[in-house]
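J.: I'd like to ask some things about the structure below.
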Amino acid sequence: MLDKSGNDSSSYNMDDIKFIKEKSPVVGQFIEDEYERQKNNVELIASENYCSDAVLAACGCCLTWKYAEGYPYDRKSGNTGRYYGGTENVDKLEEYCCNKWREVFNTDYHVNVQPHSGSQANLAAYRALINHGDTILAMSLNNGGHLSHGSSVNFSGKLYNVVFYDVDENGYIDMEDVRKKAKSYRPNLILAGASAYSRIIDFEAFAKIAKEVGAYFMVDMAHIAGLIAAGAHPSPFGLADIVTTTTHKTLRGPRGGLIFGKPEFAHKIDSAVFPYAQGGPLEHIIAAKAISAEEDCTEEYRKYIMQVVLNSKAFCDEFLKLGYKVVTGGTDNHLFLLDLSDFPFSGNDLQIRLDQEGITVNKNAVPGDKRPPSEASGIRLGTAAMTTRGYDEDDFRAVAGRIDKVIKEMTAEYEENE
Ligand SMILES: *Cc1c(COP(=O)(O)O)cnc(C)c1O
């Protein structure tokens, strides 16, 4: 595991890289360069994290050799539902993985652990509940939603008719707008969840509106799943028909996705993942998902998430103290958006400059952004990754000071050039 100064307490990565370099000097060098970059940078991308060595090892294990299309269970016969022989070990693994994830979220929902990513989990989740051409009410990309929530360049915007709800003038989800649009557009599915939203999402209010208009209710908890697991954000279980997530963000697992659903949707979810959206599952990633689920059930993980939230508040408060604008004026979770609308340079300009300073962030649109998405007027800052490396509140306040210094330098340069 990497510490805050970039020292790795285990030799796992270096041993691996040394082995790869012997077989492929070219690829090995790419990996080593990236490992060095990750060790030396302050990682503030809100969707990234560092998983454990055990999770990494499982991602590179012999299970990648195995084909196992289908499921460990067949609802009709009670036997294996795989289309291949030799699946007795991966069958047990996949069932164990499903049970562990139910334990993480303390739920009796059906779970499918096969989605290769969050986007593919969403592709299957929509299909399980509604038909192509049906209407989805979701949060738009420029308000903090995700590409797979109906963006016109994504499958979701091409296969479905998508209507977007807005945030209010303070950047909060406007529940009145959700209700109004639900009533006038009569969506088949209402979707809650976001990639760049720093406040508690009121799942109960969403569920109530969905019920009022007879729509399915789906939650994509990709970003906040870890907070939900640890009790730092209200849970959508019991309220949503389907819940999707990624496993590589706050959950600190391998890159991948999960779908949970009320038991009555179990069969529809499974057939929407395979054969609709995917072929063979990645059993090595499923092993890694099972290990991270075990880790996420521990007291140590719960404490980690509490520190992620404390760090996010301290980091955000420091920017407010320094006089910056933050979307919604603060944060309840692991991230927030610094609003640069009043500055002469864009989020993209700042992202590039911070890269040179060894601080990794991503540009992000702010509500009502006047700049195009490729420029954007904000940057998104998250605390999940550096908290894994041991950062506390003081460390994050110090990083805020470094970013403030860079912004002041850039502002001075722009003024000189005018
Ligand atoms: C990250 C994210 C996803 C998709 O994740 P990928 O694994 O990159 O496809 C989906 N929904 C939300 C809300 C996300 O933040």
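J.: Which number in (1) surrounded by fewer than 24 Cβ atoms within 10 Å (Cβ to Cβ); (2) within 13 Å of the ligand (Cβ to nearest atom) marks the one condition that GLY253 misses?
T.: The single condition GLY253 does not satisfy is (1).
J.: What residue, of SER140, SER184, SER195, SER156, is within 12 Å of the ligand (Cβ to nearest atom), without any contact (Cβ under 8 Å) to a residue 60 or more places away in the chain and either over 24 Å from GLY257 (Cβ atoms) or not hydrophobic (A, V, I, L, M, F, W, C) (or both)?
T.: Numbers: SER140 fails: within 12 Å of the ligand (Cβ to nearest atom); SER184 fails: within 12 Å of the ligand (Cβ to nearest atom); SER195 fails: without any contact (Cβ under 8 Å) to a residue 60 or more places away in the chain.
Result of the check over SER140, SER184, SER195, SER156: SER156.
J.: From ILE285, ILE242, ILE259, grab the single residue that is within 16 Å of the ligand (Cβ to nearest atom), touching a Phe, Trp or Tyr at 6+ places or on another chain (Cβ under 8 Å) and hydrophobic (A, V, I, L, M, F, W, C). Full working, then the answer.
T.: On the way: ILE285 fails: touching a Phe, Trp or Tyr at 6+ places or on another chain (Cβ under 8 Å); ILE259 fails: touching a Phe, Trp or Tyr at 6+ places or on another chain (Cβ under 8 Å).
After applying the criteria, what remains is ILE242.
Rundown of residues vs (1) in contact with a Gly (Cβ under 8 Å, 6 or more places away or on another chain); (2) assigned to a helix (DSSP H, G or I); (3) within 16 Å of the ligand (Cβ to nearest atom), yes/no style:
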site: TYR73; (1), (2), (3): yes, no, no
site: SER77; (1), (2), (3): no, no, no
site: GLY85; (1), (2), (3): no, no, no
site: GLU95; (1), (2), (3): no, yes, no
site: CYS98; (1), (2), (3): no, yes, no
site: ARG102; (1), (2), (3): no, yes, no
site: ASN106; (1), (2), (3): no, no, no
site: GLN114; (1), (2), (3): no, no, yes
site: SER119; (1), (2), (3): yes, yes, yes
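J.: Every residue in segment 301-336 that is of a type outside the set (Lys, Arg), over 19 Å from ALA365 (Cα atoms) and under 21 Å from the mean Cα position of the chain (by Cα), please.
T.: TYR301, TYR304, ILE305, MET306, GLN307, VAL308, VAL309, LEU310, ASN311, SER312, PHE315, ASP332
J.: Kindly indicate the residue of segment 251-288 that is within 30 Å of THR383 (Cβ to Cβ), among the hydrophobic types (A, V, I, L, M, F, W, C) and not in a loop (DSSP other than H, G, I, E, B) and also nearest to the chain's Cα centre (by Cα) among those meeting that condition. So that I can check it myself, show each step before the final result.
T.: Filtering segment 251-288 down to residues within 30 Å of THR383 (Cβ to Cβ) leaves 251-260, 282, 284-288.
Remaining after also requiring among the hydrophobic types (A, V, I, L, M, F, W, C): 251, 258-260, 282, 285-288.
Those left that are additionally not in a loop (DSSP other than H, G, I, E, B): 258-260, 285-288.
Numbers: LEU258: 11, ILE259: 13, PHE260: 15, ILE285: 17, ILE286: 17, ALA287: 19, ALA288: 17 Å.
Only one residue fits best here, namely LEU258.
J.: Then there's this: Please go through (1) farther than 29 Å from ARG389 by Cβ; (2) in contact with an Asp or Glu (Cβ under 9 Å, 6 or more places away or on another chain); (3) more than 13 Å from the ligand (Cβ to nearest atom); (4) not in a loop (DSSP other than H, G, I, E, B) for ALA229 and return the number of the only condition it doesn't satisfy.
T.: It fails just one condition, (1).
J.: Something else about it: Being without any contact (Cβ under 8 Å) to a residue 24 or more places away in the chain, out of contact with any helix residue (DSSP H, G or I) (no Cβ under 9 Å at 6 or more places or on another chain) and more than 14 Å from LYS408 (Cα to Cα) is the filter here, so list the residues in segment 322-355 that pass it.
T.: Correct list: ILE352, ASP355.
J.: If you don't mind, another one. Answer yes if at least one residue in segment 203-219 is within 24 Å of ILE286 (Cα to Cα) and under 20 Å from the mean Cα position of the chain (by Cα), and no otherwise. Break it down stepwise before answering.
T.: Restricting attention to segment 203-219, the residues satisfying the condition of being within 24 Å of ILE286 (Cα to Cα) are 218-219.
Those still in the list that are under 20 Å from the mean Cα position of the chain (by Cα) too: 218-219.
Within segment 203-219 (the criterion being within 24 Å of ILE286 (Cα to Cα) and under 20 Å from the mean Cα position of the chain (by Cα)), the answer is yes, since at least one residue qualifies.
A quick yes/no check of all residues on (1) touching a helix residue (DSSP H, G or I) at 6+ places or on another chain (Cβ under 9 Å); (2) under 27 Å from LYS249 (Cα atoms); (3) free of Cβ contacts under 8 Å to residues at least 40 places away in the same chain:
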site	(1), (2), (3)
VAL26	no, no, yes
PHE30	no, yes, yes
CYS59	yes, yes, no
LYS66	yes, yes, no
TYR84	no, no, yes
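J.: Given the structure, is LEU56 at pLDDT 95 or above, under 23 Å from the mean Cα position of the chain (by Cα) and within 23 Å of ALA287 (Cβ to Cβ)? Break it down stepwise before answering.
T.: Working: at pLDDT 95 or above: yes; under 23 Å from the mean Cα position of the chain (by Cα): yes; within 23 Å of ALA287 (Cβ to Cβ): yes.
The answer is yes for LEU56.
The rows are residues; the columns are (1) under 22 Å from the mean Cα position of the chain (by Cα); (2) surrounded by 12 or more Cβ atoms within 10 Å (Cβ to Cβ).
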residue: SER9; (1), (2): no, no
residue: TYR12; (1), (2): no, yes
residue: ASP16; (1), (2): no, yes
residue: PRO25; (1), (2): no, no
residue: GLU43; (1), (2): yes, yes
residue: CYS62; (1), (2): no, no
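J.: Moving to a separate point now. Whether any residue in segment 215-222 is out of contact with any Cys (no Cβ under 9 Å at 6 or more places or on another chain), buried (at least 24 other Cβ atoms within 10 Å of the Cβ), aliphatic (A, V, I, L, M) and not in a loop (DSSP other than H, G, I, E, B) is what I want to check.
T.: Step one: of segment 215-222, the residues out of contact with any Cys (no Cβ under 9 Å at 6 or more places or on another chain) are 215-222.
Narrowing further to those that are buried (at least 24 other Cβ atoms within 10 Å of the Cβ): 215, 218-222.
Then drop every residue that is not aliphatic (A, V, I, L, M), which leaves 215, 218-219, 221-222.
Restricting the remaining residues to those that are not in a loop (DSSP other than H, G, I, E, B) gives 218-219.
Yes, segment 215-222 contains a residue that is out of contact with any Cys (no Cβ under 9 Å at 6 or more places or on another chain), buried (at least 24 other Cβ atoms within 10 Å of the Cβ), aliphatic (A, V, I, L, M) and not in a loop (DSSP other than H, G, I, E, B).
J.: Can PRO187 be described as touching a Lys or Arg at 6+ places or on another chain (Cβ under 9 Å), farther than 18 Å from HIS149 by Cβ, crowded, with 20+ Cβ neighbours inside 10 Å and of a type outside the set (Phe, Trp, Tyr)? First the steps, then the outcome.
T.: On the way: touching a Lys or Arg at 6+ places or on another chain (Cβ under 9 Å): yes; farther than 18 Å from HIS149 by Cβ: no; crowded, with 20+ Cβ neighbours inside 10 Å: yes; of a type outside the set (Phe, Trp, Tyr): yes.
No; evaluated as a whole, the condition is false for this residue.
J.: So which residues in segment 45-60 are in a helix (DSSP H, G or I), of a type outside the set (A, V, I, L, M) and crowded, with 18+ Cβ neighbours inside 10 Å? Break it down into steps so the answer makes sense when it comes.
T.: Looking only at segment 45-60, we keep the residues that are in a helix (DSSP H, G or I), and these are 53-59.
Checking the rest, the ones that are also of a type outside the set (A, V, I, L, M) come to 53, 59.
Selection gives CYS59 alone.
The values are calculated or read from the model by the stated rules, or taken from the named source; none is laboratory data. None of these values were measured; they are calculated from a predicted model. Note that each Cβ is placed from the backbone with ideal geometry, even for glycine, and that neighbours are counted across all protein chains shown.
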